[in-house]
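Following: one structure in structure tokens, then a few remarks.
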Amino acid sequence: MKITQYQVVSLSLGILVVGDIILALALTILQRWDGAAIAATSALATGALLTAHLRGWKHAASVFLIFSSVLTGSAMNIVLVNGRASVPLTLIFPPVLGLALVGARGIIVSASLSLGIYVVRAILSGYTVDPVLIVAYVMLVLLILVARAVLNTEVQRAEEARQRAEEAQARIEEQAHALEAANAVQQAQLEEQRRLLDLVATLETPAITLAEGVLFAPVVGHLDSRRSAALTARLLEVAHAQRAHHVIIDISGVSTVDSAVAQALIQTAQALRLLGCRVTLSGISSEVALTLTQQEIALSDIATVRSPQEALRRQQM
């Protein structure tokens, strides 16, 4: 759970307000009126600073620390040990508050202020202060400063780690967006390629309507197994869609017709006849006819004509 400095100050001041109120009530029950008055004053002052802090006054924590240091140094009873004024452990309270509320400068100021007021009071009261205890107090303050430095270092490391994590997350999101964009471009390219392939397939195996129910399919170039399958699929699709009853396949543009090509044409014709179409083969050249004869290839199941016009004339007769 992440907690901000604003929340730390708010929580600390709230705890101190509640603590001062409880302390004032307890001292009132014990009839220790002086202590109860100090606790009540502290509660009122801390409550006012808490209100100011919640309303956005950024100096509330510093003012409270100074107030607490002055109050601690002024209200603390002078403790005597062997005729000398001792340094009570309670004087460490302001620096500890500084550890939570402010930085190193506030810790030094609060410690110096509370200790200085207490020492001046002791001297004015005619007592001397044990220097060993003062040294011990300074050492404790230094330890608090070290703790604050360690805390600052850890906070800085945590912040740097958070920034690195955010940067890494930003890079990952950027890469994800880039991959998404690249994928969209690739999908568009694949769609364009599919469109071009469909166009090429259509151009390779055109099916032209010559008359109502009559399709004309000119075949140009070499007719291999792939083109044969494409031709059959194309003619079946168009014949079914247009309810054609006659399909004219023109092979005048085919340079070579061997047994494989002839078999492909026969299979195409058989498939079309299953749809109720009559198939006519036109454009057989003398060279192709000679080749078919030499290879003993019979196209007896397919009607043949010299040209598509002749096929149309026969249909109209």
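The values are calculated or read from the model by the stated rules, or taken from the named source; none is laboratory data. Model, not experiment: these values are computed from the prediction. Heads up, the Cβs are rebuilt from the backbone with ideal geometry, glycines too, and the neighbour counts pull from every protein chain shown.
Brief remarks on what is shown
- Total residues in region 275-308 satisfying the condition of being among the β-branched types (Val, Ile, Thr), in contact (Cβ under 8 Å) with a residue 24 or more places away in the chain and farther than 22 Å from residue 242 by Cβ: the figure is 5.
- Within the option set 244, 239, 207, 269, being modelled with pLDDT of 80 or more, under 18 Å from residue 283 (Cβ atoms) and surrounded by 19 or more Cβ atoms within 10 Å (Cβ to Cβ) holds for one residue only, 269.
- Enumeration of residues in region 77-121 that are crowded, with 21+ Cβ neighbours inside 10 Å and either part of a loop (DSSP other than H, G, I, E, B) or not hydroxyl-bearing (Ser, Thr, Tyr) (or both): 85, 87, 91, 94, 95, 97, 98, 101, 106, 107, 111, 115
- On the stretch given as region 52-85, residues that are at pLDDT 80 or above, hydrophobic (A, V, I, L, M, F, W, C) and over 24 Å from residue 37 (Cα atoms) total 2.
- Qualifying positions in region 134-144 - aliphatic (A, V, I, L, M) and either crowded, with 18+ Cβ neighbours inside 10 Å or in contact with a Lys or Arg (Cβ under 6 Å, 6 or more places away or on another chain) (or both): 141, 144
- Condition met for residue 212 (charged (D, E, K, R), closer than 23 Å to residue 314 by Cβ and surrounded by fewer than 16 Cβ atoms within 10 Å (Cβ to Cβ)): yes
- Residue 22 vs. criteria assigned to a helix (DSSP H, G or I), buried (at least 18 other Cβ atoms within 10 Å of the Cβ), without any contact (Cβ under 8 Å) to a residue 40 or more places away in the chain and of a type in the set (A, V, I, L, M, F, W, C): no
- For beta carbons closer than 9 Å, sequence separation of 6+ or different chains, a first residue in region 59-78 that is without any contact (Cβ under 8 Å) to a residue 12 or more places away in the chain and in the same structural domain as residue 113 (by TED's automatic domain parsing) and a second that is aliphatic (A, V, I, L, M) and surrounded by fewer than 17 Cβ atoms within 10 Å (Cβ to Cβ), the qualifying pairs are 59/52.
- Matching residues in region 204-250 - criterion: being touching a residue at least 24 places away in the same chain (Cβ under 8 Å), farther than 18 Å from residue 271 by Cα and of a type in the set (A, V, I, L, M): 210, 211, 220
- Residue that is modelled with pLDDT under 80 and either among the hydrophobic types (A, V, I, L, M, F, W, C) or within 60 Å of the chain's Cα centre (by Cα) (or both), where the choices are 233, 262: 262
- The set of residues in region 264-274 that are out of contact with any strand residue (DSSP E or B) (no Cβ under 9 Å at 6 or more places or on another chain) and in contact (Cβ under 8 Å) with a residue 12 or more places away in the chain comprises 264, 266, 267, 271.
- Here residue 220 clears all of (1) closer than 30 Å to residue 256 by Cβ; (2) in contact with a helix residue (DSSP H, G or I) (Cβ under 8 Å, 6 or more places away or on another chain); (3) surrounded by 12 or more Cβ atoms within 10 Å (Cβ to Cβ) except the condition numbered (2).
- Residues in region 38-65 that are surrounded by fewer than 17 Cβ atoms within 10 Å (Cβ to Cβ) and of a type outside the set (Phe, Trp, Tyr): 41, 44, 48, 51, 52, 54, 55, 56, 58, 59, 63.
- Per this entry, residue 157 is not counted among residues that are modelled with pLDDT under 80 and either surrounded by fewer than 10 Cβ atoms within 10 Å (Cβ to Cβ) or not assigned by TED's automatic domain parsing to the domain that holds residue 272 (or both).
- Selection status of residue 56, under 44 Å from the mean Cα position of the chain (by Cα), free of Cβ contacts under 8 Å to residues at least 60 places away in the same chain and part of a loop (DSSP other than H, G, I, E, B): yes
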